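To start, the structure under review is shown below, and the notes come after it.
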Amino acid sequence: MKAKLPFLLLLGVLFGALLPVGASAQDAVAVITEVKLNRGDVQIQLPGKKTWEKPGMLQSLYAGTQVRASKDAATVVLFTDGARTVTINEKNSPFEIKPGDAKGGQGGGVKDAATALLGKKKAPSYVALAVRGGKRPPVLVAPRNTKLLSDSPTLQWMGMERQPGTVRVFGPQGAIWSAENISLTQIKYPASAPQLKPGVEYAWVIEKKGFPVGKVPFKILPADDAKAVQQKLASLQDAAGLPKTTQAILKAGLLSSNELYYEAREVLTDAVNEDPDEPTLHFLLAEVYEKTGLKDLASEEYSESEFLLKKKQ
């Protein structure tokens, strides 16, 4: 069950690194992709330290790190050479992280996606903000401030669903397509509309009576760049032995690293529906919302990921 929050405002970027002193993301040989606490706990002991501590989100792991899980808790560790994942539970605890065999990797897609997850930071700190009354316009959720692989995106928004509005898409020369009297929360850009061209910046709005209008931009990824990303996504899809949630996390990380936040959000929301208690999914979804300018949605997802990572039943 999601923790409920009031509307929040970003107070400051108070990041705390997850890397040991003197280490860098390039030194890491593995990363924690999934954590399921259930009724137990997951802890790590970093090289050179005697104390055990809770892992951070997408915790980077170094040779010699010990990982343990108690009771029915479990965690998934992905080795950054793409060779394998290990699920650590009470039966195989403590588990020592050792460098993998680079020759056994599953291809550039897995390795690149794993590397993109290293060195993640803690979520920004937020404070509650009292919300004043008055009209609030619909929130344009996707696509916004993003590149896209698809040239027929589904335009999605929140708020004032029962009040019909007009959706418009703009190109460099002005409006290129519109749909009127829309009472839904999404509409697909149709094949009959002018084709969206790679490299061109577009924007869209939803106009509802009595509410201010704000445009949000998006751009179709150039063909060569899109082909390279799709090849890596295909190698992730074909990779053997990846747990389904970890596979989604890798896909989302790869997409986000290429500023493809629209597709990353789609991957993450689908994965959350299937695995709602995985904190890493909520954390990455919060990052997508943060990078696309949806601070309230980001704060909710950051809060949920922190709650799931720390909860004990």
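Values in this text are rule-based calculations from the coordinates and carry no lab data. What you see is a predicted model; the values in this text were computed from it and never measured. All Cβ positions, glycine included, derive from the backbone under ideal geometry; neighbour counts span all protein chains shown.
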Segment ASN273-THR87, length gained on full extension (0.36 nm per residue, minus Cα span): 64.8 nm
Residue-count net charge about SER152 - beta-carbon cut-off 14 Å; Lys, Arg +1, Asp, Glu -1: -1
Label-point separation, ASP225 to GLN163 (7 Å along Cα→Cβ), nm: 3.7 nm
In nm, spacing of pseudo-spin labels at ALA63 and ASN38 (7 Å Cα→C-beta vector): 3.3 nm
Least to most buried among SER183, SER192, SER235, SER299 (fewest other Cβ within 10 Å first): SER192, SER183, SER235, SER299
Residues of region 151-175 with amide N under 12 Å of the 7 Å Cα→Cβ point at LEU184: 154-157
Spherically averaged projected area in nm², based on the convex hull that wraps the Cα atoms of region 224-310: 5.6 nm²
Per-residue Cβ neighbour rank within 10 angstrom, fewest leading, VAL169, VAL86: VAL86, VAL169
Loop sites in region 220-287: trypsin sites (Lys or Arg not before Pro), DSSP, at most 13 other Cβ within 10 Å: none
Virtual spin-label span in nm between ASP72 and GLN195, 7 Å along Cα→Cβ: 5.4 nm
Order of VAL267, VAL31 under a 10 Å beta carbon neighbour criterion, fewest first: VAL267, VAL31
Net charge contributed by nearby residues that have their C-beta within less than 14 Å of LYS232 (K/R +1, D/E -1): -2
